[in-house]
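Q: Before I ask anything, let me first share the structure, which is written out below as structure tokens.
The values are calculated or read from the model by the stated rules, or taken from the named source; none is laboratory data. Fair warning: this is a prediction, and the values are worked out from it, not measured in the lab. Heads up, the Cβs are rebuilt from the backbone with ideal geometry, glycines too, and the neighbour counts pull from every protein chain shown. The protein model used for the area step is the full one, side chains on, heavy atoms only, and it has no ligands, DNA or RNA in it. Shrake-Rupley method; radii C 1.70, N 1.55, O 1.52, S 1.80 Å.
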Amino acid sequence: MMKSFFLSLLVGLLFSKDYVKPTEIDGKKKWKGEGTTSNLESIVIGRCYEYIRIVNPSVGEKNCTEIWEAFKKAFINKDPCNILPSDYELFINLSLHTIPPNKSLFWENNHLLVTSYSDRTRRYMPLCDTLIGSFGDFLNWCGQANDTGFNYDSCPNTEECENNAVESFWKIASITYAKQSSGVIYIMLNGSAIGGAYPVKGFFADYEVPNFQKDRISRIEIWVMDDIGGPDLDSCGRGSVQILEERLKTMGYDITCIDNYKSVLLLKCLDYLNHSDCSIVSSAPSTQRGLVSPARGGSWSRLIYMIFVAFKRSVLANFST
Amino acid sequence: MPLQNRSSRTRQRTVLLVVIMVLIVTIVAVLAAVLLANGMKETSMELLQWKGRGTTKNLQEVILGRCYNYITTVNPELRDKDCQKIWEKMQKAFIYKNPCNITIEDYQPLLDLASHPIPCNKSLFWSKTNDLVHRYTKTNHNFLTLEDTLLGYMADGVSWCGNPSSPGINYESCPKWSECESNPSSVYWKMASKMFAEEACGVVQVMLNGSIEAGAFRSNSIFGSVEILNLDPDKVSTVQIWLMQNIGGPPRPVQLLQCASDPDHADCRLCTNSVQ
């Protein structure tokens, strides 16, 4: 009985070891997350030059190859579960640039909307529209111990280990971004998100809010955007948004909160033209010009069928004004 | 006797003076000729001067990065495209050439490598509405413009041109369309537009600017002169035209974008319960 007990214990230990340590495939560890993005170096260096030459030339001269080397140094040839935010310090120092006041946009649970709305620094400059952010946006990466290459097969996700290359990158990037923000601060939250518009544990709550520079911020404006046709789970003065408002007020900030900020709402409505939440008020009736079919034969007459689509006011009405 | 001496001496002096004058003139002429020849030599080694902005710095890195970004994240169906080769073909089309002498044939090798099919009913052409049409397609993924294809994505907002002498690329200036039509940029976009029009199928959209004085449709614009002619009537079933006005005209779906930048305009009031 003791023998079978020890045997089952051994088997149990073996299996538990297997559960904790990922199985090895071809000498490379098999993690649960996606592997390094292919062509990472070309993409990242290209983005770096694109940023300093086209998107935001006010940043000045930067050595993109040097910045890439510093970025790599943070995680290459190391245990991919032991990468700390401070490992990226040299990278951060080389790619730092000022953020204009009143342009900072923080967010949670609406990455694509923020990217669309900010329009590559034209309206706002969220983290993904800074040089630092452009290094990591929508990309994935990790290295491995005793190997100078990237792991293209898999990378550890946050559940497997928190101190992975990507997680630590975003921690230090968020801290840096918050420290450089000034003037009016904008925050876009998702009022339809399950779990609350303001996640009390997240990058924004843990790494950005604590690093706001009180003496350089004039006031803070929160926008709570609901999904079109989605549930209104959180809004200003309610639920998790209220928690955020209280927290910021306690820190001494002047807070405004707006439900479904109109400018962003109009942008969301582009994909939901016929939804009741998106009808634009107008005084004139809509008209449609009939089909115009010229006297040309064959397949060309199909092509030349032109349908003027007037959505609210007619072209004729416009001519008469 | 003294008179004769004086006259002969005067004559000698005159001759001497004339000789010296001739010598000086000859030296000056030779010097001038040498300097002019040198000057001309310098000009042919220099960069040609144009009125438009020069080649974007780090062009290679930007184009390569965009190509890889496109095939990896934007349109992964194209992941087998060879970006390095694509860049080489693009560069070959204009490097070391006079930038007023570029033809569509110069870009044919690039076109062969970088063209790809476009889904039906998604093509959106534009004329004089550049800013608006791209903001629209960036936020609404139902439509694709030329700049959403690989060729367009790589070259959008970038400028380039060659120079006959070393280093073969002109970073100082490039010819504007008004200086010469066959410049590397204009010919590239003509080539790309032709491809985009040829690939279009199903329902095709056109966004025109109804607020320009010169008129919404011009037959000598790229749309009027290249794209519209290359639409294939056997593939395209309908052409829908969106005539855009500045705000103050008929509201259109794209006008929502204009309103996003000016939400308090009278034409942008929303009929919704959740407005602030």
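Q: With the checklist (1) open to solvent by 10 Å² or more (accessible area, probe 1.4 Å); (2) within 14 Å of another protein chain (Cβ to nearest Cβ) in hand, flag the one item A:Lys73 doesn't pass.
A: (2)
Q: With the requirement that a residue be at the interface with another protein chain (Cβ under 7 Å from one of its Cβ atoms), in contact (Cβ under 8 Å) with a residue 12 or more places away in the chain and either surrounded by fewer than 21 Cβ atoms within 10 Å (Cβ to Cβ) or touching a strand residue (DSSP E or B) at 6+ places or on another chain (Cβ under 7 Å) (or both), what does segment A:268-277 give you?
A: A:Asp271, A:Asp277
Q: Take segment A:238-267 and flag every residue that is within 13 Å of another protein chain (Cβ to nearest Cβ), in contact with a helix residue (DSSP H, G or I) (Cβ under 7 Å, 6 or more places away or on another chain) and surrounded by fewer than 20 Cβ atoms within 10 Å (Cβ to Cβ).
A: Listed by number, the list holds a single entry, A:Ser263.
Q: Would you pick out the residues in segment B:55-79 that are more than 24 Å from the chain's Cα centre (by Cα) and either away from chain A (no Cβ under 11 Å) or buried (at least 22 other Cβ atoms within 10 Å of the Cβ) (or both)?
A: B:Asn75, B:Glu77, B:Leu78
Listed here are the residues, each with its yes/no results for (1) modelled with pLDDT of 85 or more; (2) in a strand (DSSP E or B); (3) open to solvent by less than 20 Å² (accessible area, probe 1.4 Å); (4) under 30 Å from B:Leu59 (Cα atoms).
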{"site": "B:Ser178", "(1), (2), (3), (4)": "yes, no, no, yes"}
{"site": "B:Ser182", "(1), (2), (3), (4)": "yes, no, no, yes"}
{"site": "B:Met191", "(1), (2), (3), (4)": "yes, no, yes, yes"}
{"site": "B:Glu213", "(1), (2), (3), (4)": "no, no, no, no"}
{"site": "B:Ile228", "(1), (2), (3), (4)": "no, no, no, no"}
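Q: Name the residue that is modelled with the lowest pLDDT, counting only residues in segment A:11-49 that are surrounded by fewer than 15 Cβ atoms within 10 Å (Cβ to Cβ) and hydrophobic (A, V, I, L, M, F, W, C).
A: A:Val20
Q: Looking at B:Lys128, B:Lys89 in this structure, which one is open to solvent by 60 Å² or more (accessible area, probe 1.4 Å), of a type in the set (Lys, Arg), over 27 Å from A:Asn140 (Cα atoms) and modelled with pLDDT of 80 or more?
A: B:Lys89
Q: On to the next question. If a residue must be of a type in the set (S, T, N, Q) and over 16 Å from the mean Cα position of the chain (by Cα), how many such residues does segment A:160-175 contain?
A: Count: 2.
Q: So which residues in segment A:97-134 are open to solvent by less than 10 Å² (accessible area, probe 1.4 Å), within 14 Å of chain B (Cβ to nearest Cβ) and in contact with a Ser or Thr (Cβ under 7 Å, 6 or more places away or on another chain), if there are any at all?
A: A:Leu131 - this is the single residue of segment A:97-134 that is open to solvent by less than 10 Å² (accessible area, probe 1.4 Å), within 14 Å of chain B (Cβ to nearest Cβ) and in contact with a Ser or Thr (Cβ under 7 Å, 6 or more places away or on another chain).
Q: Residue under question is A:Asp79, and the condition is that it be part of a helix (DSSP H, G or I), more than 14 Å from chain B (Cβ to nearest Cβ) and within 19 Å of A:Asn157 (Cα to Cα); does it hold?
A: Judged against the criteria, A:Asp79 is not a match.
Q: To continue, here is another question. Within the set of pairs 6+ apart or on separate chains, which have a first residue in segment A:34-52 that is at the interface with chain B (Cβ under 7 Å from one of its Cβ atoms), a second that is in a loop (DSSP other than H, G, I, E, B) and buried (at least 23 other Cβ atoms within 10 Å of the Cβ), and C-beta atoms under 6 Å apart?
A: Nothing qualifies.
Q: For segment A:205-237, how many residues meet the condition of being under 25 Å from A:Leu266 (Cα atoms) and more than 14 Å from every other protein chain (Cβ to nearest Cβ)?
A: Total satisfying the criteria: 2.
Q: Just to be sure I understand, how many residues within segment A:192-205 are surrounded by 23 or more Cβ atoms within 10 Å (Cβ to Cβ) and either over 17 Å from the mean Cα position of the chain (by Cα) or in a helix (DSSP H, G or I) (or both)?
A: Selection size over segment A:192-205: 0.
Q: While we're on this one: Condition first: buried (at least 21 other Cβ atoms within 10 Å of the Cβ), in a loop (DSSP other than H, G, I, E, B) and among the polar types (S, T, N, Q). Now tell me which residues in segment A:152-184 satisfy that.
A: Once the filter is applied, which keeps residues that are buried (at least 21 other Cβ atoms within 10 Å of the Cβ), in a loop (DSSP other than H, G, I, E, B) and among the polar types (S, T, N, Q), segment A:152-184 yields A:Asn164, A:Ser181.
Q: Next question. Looking at B:Ala266 and the list (1) open to solvent by 50 Å² or more (accessible area, probe 1.4 Å); (2) modelled with pLDDT of 80 or more, which single condition is not satisfied?
A: Exception for B:Ala266: condition (2).
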